Amino acid sequence: MEKNKYSILLPTYNERENLPIIVWLIIKCFEEHDHDFEIIIIDDGSPDGTLEVATELQKIYGSSKIVLKPRPSKLGLGTAYVHGMQHATGNFVIIMDADLSHHPKFISQFIALQKSQDLDIVTGTRYEGTGGVYGWDFKRKLISRGANFLTQILLQPGVSDLTGSFRLYRKDVLKKLVDNCVSKGYVFQMEMIVRARQFNYTIGEVPITFVDRVYGQSKLGGSEIVQFVKGLLYLFATT
Ligand SMILES: Nc1nc2c(ncn2[C@@H]2O[C@H](COP(=O)(O)OP(=O)(O)O)[C@@H](O)[C@H]2O)c(=O)[nH]1
Ligand SMILES: [Mg+2]
């Protein structure tokens, strides 16, 4: 049997403090479990010099492990994933935030679950079992819960965390989903799961703890919430 390779997509915007730590943790996780991997960093011209830090990391760990696919300016998270995916050489793709909200220690559980049930997608969940959210204020928790609750009612996707962005995909499955997704921004994560259900892909869930970023600023704003509701209603009307 051919060995699996995992391509980890790390989109970054102003993550110079977080990047060395997350990269170190990812590498530690993969070396412990002897999985083949590459980390693809998609930096969107971060003014804080994240790309220079990434270049240093590439010198340390080598260009087969750290792949740099920068873009000149902040073009958004959705297209950052697409851009990264186009350069992925693994047969599996892992998507996660670079701000340490997603701990790489969960990746081995994602991989084990995928293998045990031959799944197409494994998604982290903050809303099942031992999963949880730490460091968010009441408003942010309410928004996330509300978005998940609304989506559960309208679309019944059968997955407990629809807005999370810590996931593992078979690469061909991810490609098919991306080709069929219409939304951009935060609603994109939810649409991916809804489309996956449409195509009858198998989805597993691993409880994760999500810890709010310590360094830097979140990019969630009011316009993202409006976009989410619009996208949700669009999917409700069309699927
Ligand atoms: N390449 C790229 N990365 C982005 C962009 N916006 C956010 N990110 C990264 O995407 C991840 C999630 O963003 P974040 O602001 O933490 O979102 P939040 O956790 O939902 O508040 C982090 O690793 C960010 O650095 C963008 O426009 N381009
Ligand atoms: Mg974050």
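Derivation of every value follows stated rules applied to the coordinates shown; laboratory data play no part. Just so it is clear, the structure is predicted and the values come from calculations on it, not from any experiment. Ideal geometry is used to build each Cβ from the backbone, glycine not excepted, and the neighbour counts take in all protein chains shown.
The table below lists the values:
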| read-out | value |
| --- | --- |
| Amide H contacts of THR125 (H built 1.01 Å from N, under 5 Å, at least 5 apart or other chain) | VAL206, ILE208 |
| Where labels lie 7 Å past Cα in the beta-carbon direction, separation of THR209 and LYS59 in nm | 3.6 |
| Entries in LYS28/LYS69; LYS74/LYS115; LYS176/LYS219; LYS69/LYS105; LYS74/LYS175 that, when Cα-Cα distance is taken, lie over 31 Å | LYS74/LYS115 |
| Ascending count of other beta-carbon atoms within 10 Å, so fewest first, for VAL159, VAL182, VAL122 | VAL182, VAL159, VAL122 |
| Computed label-point distance, nm, for sites HIS87 and SER73 using a 7 Å Cα→Cβ extension | 2.0 |
| Choice from ARG126, ARG16, ARG71 with maximal GNM fluctuation in the chain (Cα, 10 Å cutoff) | ARG71 |
| Cβ-defined net charge surrounding TYR134, 12 Å radius [Lys, Arg +1; Asp, Glu -1] | +2 |
| Estimated [θ] at 222 nm from DSSP helical runs (n ≥ 4, -39500 (n - 2.57)) normalised by residues in the chain, nearest 500 | -14000 deg cm²/dmol |
| Two-site label geometry, LYS105 and VAL226: point separation in nm, points 7 Å out along Cα→Cβ | 4.1 |
| Environment charge of SER183, counting only residues whose C-beta is closer than 12 Å and scoring Lys/Arg +1, Asp/Glu -1 | +1 |
| Euclidean distance between Cα centres, region 177-239 to region 1-40, Å | 22 |
| Likely footprinting exposure, SER108, SER101, SER116, fewest C-beta neighbours within 10 Å first | SER116, SER108, SER101 |
| Sequence-separation-based contact order of region 140-222, relative, with Cα cut under 8 Å and 6+ spacing, percent | 25 |
| Relative contact order of region 5-238, pairs being alpha-carbon contacts under 8 Å that are 6 or more residues apart, as % | 24 |
| Listed residue (GLY76, GLN227, ASN18) projecting farthest to the positive dipole end of the chain, Cβ model | GLN227 |
| Neighbour-count ranking [beta-carbon atoms within 10 angstrom, fewest first] of GLU17, GLU224 | GLU224, GLU17 |
| Directionally averaged shadow of the chain, computed from the convex hull of its alpha-carbon atoms, nm² | 12.3 |
